[in-house]
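The values are calculated or read from the model by the stated rules, or taken from the named source; none is laboratory data. Just so we're clear, the structure is a prediction, and the values are computed from it rather than from any experiment. Neighbour counts run over all protein chains shown; Cβ positions are idealised from the backbone, glycine included. Note: accessible area is taken over every heavy atom of the protein model, side chains too, but ligands, DNA and RNA are not part of it. Shrake-Rupley method; radii C 1.70, N 1.55, O 1.52, S 1.80 Å.
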Amino acid sequence: MHLSRFPRVFLAHLPTPLERLDRLSRELGGPEIWIKRDDCTGLSTGGNKTRKLEFLMAEAQAMSADVVMTQGATQSNHARQTAAFAAKLGMACHILLEDRTGSNNHNYNENGNVLLDHLHGAATEKRPGGVDMQAEMEAVAVGMRAAGRKVYIIPGGGSNPTGALGYVNCAFELVGQANDRGLVIDHLVTATGSAGTQAGLIVGLKAINAGIPLLGFGVRAPKAKQEENVFNLAVKTAEKLGCPGVVQRGDVVADTGYVGPGYGVPQADTLEAIRMFAELEGILLDPVYSGKGAAGLIDYCRKGHFKKGQRVVFLHTGGSVALFGYDAVFADDTSRQAAE
Ligand SMILES: *Cc1c(COP(=O)(O)O)cnc(C)c1O
């Protein structure tokens, strides 16, 4: 498996650091917790979409696209990183934002990622929650193509086999870092949404027979649906890489017990996780993805699913810019005393 065979625009700050979280580990009293800092990929405050976009934007360049289009929720980190990448490459960027939460809060709708989308020069259009966003993009693209534009459409989250290559590479990078310092990883955990991160990681881990179980903490879909999405994408990604069959259905595990009320709506354990990482480690999580993933990690440590003597790596997928769209949630938060 040779990723250099695929076109790529090298823009991310790689390798991202792999660090030990001493104070959080001590606080939880269970396994040694490590963090893989994909919040530090460099582009417009970083995040996991940048690794995917290195491969996706190379395809856009290869077809001489002058516009990239993508979609996501209002506070989409993927949209923000796509806007920044397009700016860097001198392409226009057109974003459709789906109102998945129905929030009327000003900061949610205008601050955080939305502010940065516009600073990077992207055009945004809103759509109501629940519409077929892929179809909406295709419809907008028809008009643009008729006007002579070359449009490259990136699916939500950049999650297709091309984007997932970025996380195949991340699996190689992480295992290489662990090998270089004699670190035996017992578990790798991450938030999972549009599936490209988990699918790419599992293909990479299995292709090199790393023997590291991967657990995704869901942020939206129910467990069976999430696992099916990840598995289907992993199968296609493995085919693209010339190693079909490397991922079995049983390798794909998601726990969707920390979603709370729904996508983009944090609950008490999400906020507690954000506060613990901020206060114990100086690390910023986000209220939509990494905060829910970390809530799962913390609960697994407390319940003894992850044990003393084990080493668990949390892949930090970024997103802290969204905190500025969610300030009201922290003002209302009553979990503060509980966390102290
Ligand atoms: C998109 C995103 C995820 C989920 O990654 P997928 O590849 O969509 O599953 C996790 N964390 C953050 C901060 C994200 O923006």
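Values computed for the structure shown
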quantity	calculated
Checklist (1) part of a helix (DSSP H, G or I); (2) without any contact (Cβ under 8 Å) to a residue 60 or more places away in the chain; (3) of a type in the set (Asp, Glu) applied to Glu54, failing item	(2)
Close pairs (7 angstrom Cβ cut-off, 6 or more residues apart or separate chains): under 19 Å from Ala86 (Cα atoms) in the stretch 2-30, of a type outside the set (Gly, Ala, Ser) and assigned to a loop (DSSP other than H, G, I, E, B) anywhere	Ala12/Thr41; His13/Thr41
Those residues of the stretch 171-191 which are open to solvent by less than 10 Å² (accessible area, probe 1.4 Å), in contact (Cβ under 8 Å) with a residue 40 or more places away in the chain and more than 11 Å from the ligand (Cβ to nearest atom), in sequence order	Leu174, Ala178, Leu188, Val189
Residues of the stretch 136-151 satisfying the condition of being in a helix (DSSP H, G or I) and open to solvent by 50 Å² or more (accessible area, probe 1.4 Å)	Glu136, Glu138, Ala139, Val142, Arg145, Ala146
Identity of the residue in the stretch 32-70, of a type in the set (Val, Ile, Thr) and under 30 Å from Phe306 (Cα atoms), that ends up farthest from the ligand (Cβ to nearest atom)	Ile33
Residue in the stretch 236-251 that is more than 16 Å from the ligand (Cβ to nearest atom), more than 29 Å from Pro15 (Cβ to Cβ) and surrounded by fewer than 22 Cβ atoms within 10 Å (Cβ to Cβ) present	yes
Any chance Gln226 is within 12 Å of the ligand (Cβ to nearest atom), closer than 24 Å to His2 by Cβ, assigned to a helix (DSSP H, G or I) and open to solvent by less than 10 Å² (accessible area, probe 1.4 Å)	no
Some residue of the stretch 92-100 being acidic (Asp, Glu), open to solvent by 50 Å² or more (accessible area, probe 1.4 Å), more than 16 Å from the ligand (Cβ to nearest atom) and touching a Gly at 6+ places or on another chain (Cβ under 9 Å)	yes
Qualifying positions in the stretch 74-112 - farther than 19 Å from Ala135 by Cα and not in a helix (DSSP H, G or I)	Gln75, Gly90, Met91, Ala92, Thr101, Gly102, Ser103, Asn104, Asn105, Asn111, Gly112
Residue list for the stretch 275-292, restricted to those being open to solvent by 10 Å² or more (accessible area, probe 1.4 Å), among the aliphatic types (A, V, I, L, M) and within 13 Å of the ligand (Cβ to nearest atom)	Leu284
Single residue of Ser194, Ser159 found to be open to solvent by 40 Å² or more (accessible area, probe 1.4 Å), touching a helix residue (DSSP H, G or I) at 6+ places or on another chain (Cβ under 8 Å), hydroxyl-bearing (Ser, Thr, Tyr) and modelled with pLDDT of 95 or more	Ser194
Residue ID - most open to solvent (accessible area, probe 1.4 Å), chosen from residues in the stretch 293-320 that are near the ligand (Cβ under 9 Å from one of its atoms) and over 23 Å from Val175 (Cα atoms)	Ser320
Matching option when the condition is more than 24 Å from Val175 (Cα to Cα) and of a type in the set (Ser, Thr, Tyr), among Thr237, Thr270	Thr270
